[in-house]
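The values are calculated or read from the model by the stated rules, or taken from the named source; none is laboratory data. Please read these numbers as outputs of a predicted model, since none were measured by experiment. Positions of Cβ are generated from backbone atoms using ideal geometry, with glycine treated the same way; all protein chains shown enter the neighbour counts.
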Amino acid sequence: MTRVILFGTDSMLRDDMTNPSTDRFLAMDGAISREKWEEDFADDAAAIQRLKKERNAVILAHNYQTPEIFLSVADIKGDSLALAREAQTLKEQVVVMAGVHFMAETVKLLNPEKTVLIPDLKAGCSLAEGITVENVRALKEAHPGVPVVTYVNSTVAVKAETDICCTSGNARKIVQSLGVPEVIMIPDENLARNIEKETGIKMYTWPAYCEVHREFTPAEIEDYRRKFAPVTVIAHPECSPEVVAASDMSGSTAEMLRYVAEKQPERVLLITECSMTRNLAALYPKTHFIGPCNFCPHMKRITLKKIRHALETLSPEVTIDPALQAPARRAVERMLQV
Ligand code: 13P
Ligand code: SF4
């Protein structure tokens, strides 16, 4: 049965939530017709289900994957934190990451003996590409003794330079757990500023940004509020502090999902990647979702066809430089222990 991770902690796994998936997707207003499903997706979806059994494989999918992946072939779904947590408990020998490269690297760090596949090796992230090892070393030199907290949206090489990792779902807790007045928080300057505001802990930051979330503006939110009031505005913390301040709630993608699941607001504006809105619209038909459709080009590199190909060929495989394995894994495991 498909596990839908709503909250990002094991105790909150909703195993009882059956996969409303493909049927809900097909029933969704204007989402896709049954004819289109049959023409574009049905064959690949059926082949993937068969290949998963043959290969002893599991598919992990981030909340930003397209509905035909998220709702029809994914076994474990969630935010970065939930996917990392689940990666510690996998029984299957082959893991397909329907997400971006740093997420697949995290799975491989925690499962060096498993075959970890990413259907497109070019599925990157502007944050992971926005900082180098040399940049991190320079920051450490400039602020000796200050702990380095690295957002999981980063390369293994950067993680290896780090004291502890965090995700958007646990950043505040991780930073507070260090018990220090100042922290180097990289690579996402917006996330660091948002956490600085919440905790009062001073942040030394790096100017890297999510290319999707940095596009949103407070003026855009005000415009939606004027046109569609009343509307609940939910923003991802990769947005600027000004956008977060203009919103009603901010949280990781799993926290957004939980908020909608619990409150089922009548109308919601999700200030995040567009597939997330489509997936939630399928799961929560009582809520009306409005808003701009900003896609992450990296997440969108993953398609059903590429997942099928990955399972057929057992490639492309994610590998980790053996010299980086131990220090990077330590930073991720330290985060998971908090
Ligand atoms: P979450 O961990 O909140 O799912 O975010 C990951 C991400 O890449 C957001 O852009
Ligand atoms: Fe990276 Fe932004 Fe895409 Fe998330 S949405 S994977 S942070 S570029």
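Taking (1) touching a helix residue (DSSP H, G or I) at 6+ places or on another chain (Cβ under 9 Å); (2) in the same structural domain as GLN93 (by TED's automatic domain parsing) in turn, ALA261 satisfies each apart from (2). Checked against the criterion of being in contact with a helix residue (DSSP H, G or I) (Cβ under 6 Å, 6 or more places away or on another chain) and within 12 Å of ligand 1 (Cβ to nearest atom), region 107-115 contains not a single residue that satisfies it.
Pairing residues of region 226-241 that are modelled with pLDDT under 95 with residues that are among the hydrophobic types (A, V, I, L, M, F, W, C) and assigned to a strand (DSSP E or B), at Cβ distances under 6 Å and at least 6 apart in sequence or on separate chains, gives PHE228/ILE290.
Would it be correct to say that GLU215 is within 16 Å of ligand 1 (Cβ to nearest atom) and surrounded by fewer than 22 Cβ atoms within 10 Å (Cβ to Cβ)? So GLU215 passes the test. TRP37 passes every criterion in (1) more than 16 Å from ARG301 (Cα to Cα); (2) assigned to a helix (DSSP H, G or I); (3) modelled with pLDDT of 95 or more apart from (3).
The residues of region 267-312 that are among the β-branched types (Val, Ile, Thr) and more than 26 Å from VAL243 (Cβ to Cβ), listed by number, are ILE302, THR303, ILE307. Of the helices (runs of 4 or more DSSP H) lying entirely inside region 228-338, the ones with 3 or more residues being buried (at least 21 other Cβ atoms within 10 Å of the Cβ) are found at 253-263, 274-283, 304-313, 322-337. Out of region 179-198, which residues are surrounded by fewer than 24 Cβ atoms within 10 Å (Cβ to Cβ), in contact (Cβ under 8 Å) with a residue 12 or more places away in the chain and outside any helix (DSSP H, G or I)? Those that are surrounded by fewer than 24 Cβ atoms within 10 Å (Cβ to Cβ), in contact (Cβ under 8 Å) with a residue 12 or more places away in the chain and outside any helix (DSSP H, G or I): VAL180, PRO181, GLU182, ILE184.
Screening the candidates LEU6, LEU60 for the property of being under 22 Å from the mean Cα position of the chain (by Cα) and modelled with pLDDT of 80 or more yields one hit, LEU60. Could you check, for region 280-291, whether at least one of its residues is at pLDDT 95 or above and in contact with a Pro (Cβ under 8 Å, 6 or more places away or on another chain)? Looking for residues that are at pLDDT 95 or above and in contact with a Pro (Cβ under 8 Å, 6 or more places away or on another chain), one finds none in region 280-291, hence no. Out of all the residues in region 213-243, which are closer than 14 Å to LYS197 by Cα and within 15 Å of ligand 2 (Cβ to nearest atom)? Hits for region 213-243 are PRO237, GLU238, CYS239, SER240, VAL243.
To keep it simple, each residue is scored yes or no on (1) without any contact (Cβ under 8 Å) to a residue 12 or more places away in the chain; (2) of a type in the set (A, V, I, L, M, F, W, C).
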{"site": "GLU141", "(1), (2)": "yes, no"}
{"site": "PRO144", "(1), (2)": "yes, no"}
{"site": "VAL148", "(1), (2)": "no, yes"}
{"site": "THR155", "(1), (2)": "no, no"}
{"site": "LYS159", "(1), (2)": "no, no"}
{"site": "THR162", "(1), (2)": "no, no"}
{"site": "CYS166", "(1), (2)": "no, yes"}
{"site": "GLY169", "(1), (2)": "no, no"}
{"site": "SER177", "(1), (2)": "no, no"}
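Scanning region 134-178 for residues that are out of contact with any helix residue (DSSP H, G or I) (no Cβ under 7 Å at 6 or more places or on another chain) and assigned to a loop (DSSP other than H, G, I, E, B), we see that the one that is nearest to LEU324 (Cα to Cα) is PRO147.
Looking at LEU117, LEU121, can you tell me which residue is at pLDDT 95 or above and more than 16 Å from ligand 2 (Cβ to nearest atom)?
LEU117
Using beta carbons and a limit of 6 Å, which pairs, at least six apart or on different chains, have the first residue in region 287-308 and within 22 Å of ASN153 (Cβ to Cβ) and the second one within 16 Å of ligand 1 (Cβ to nearest atom) and assigned to a strand (DSSP E or B)? Note: pairs meeting the criteria are CYS296/GLU273; ILE302/ALA98.
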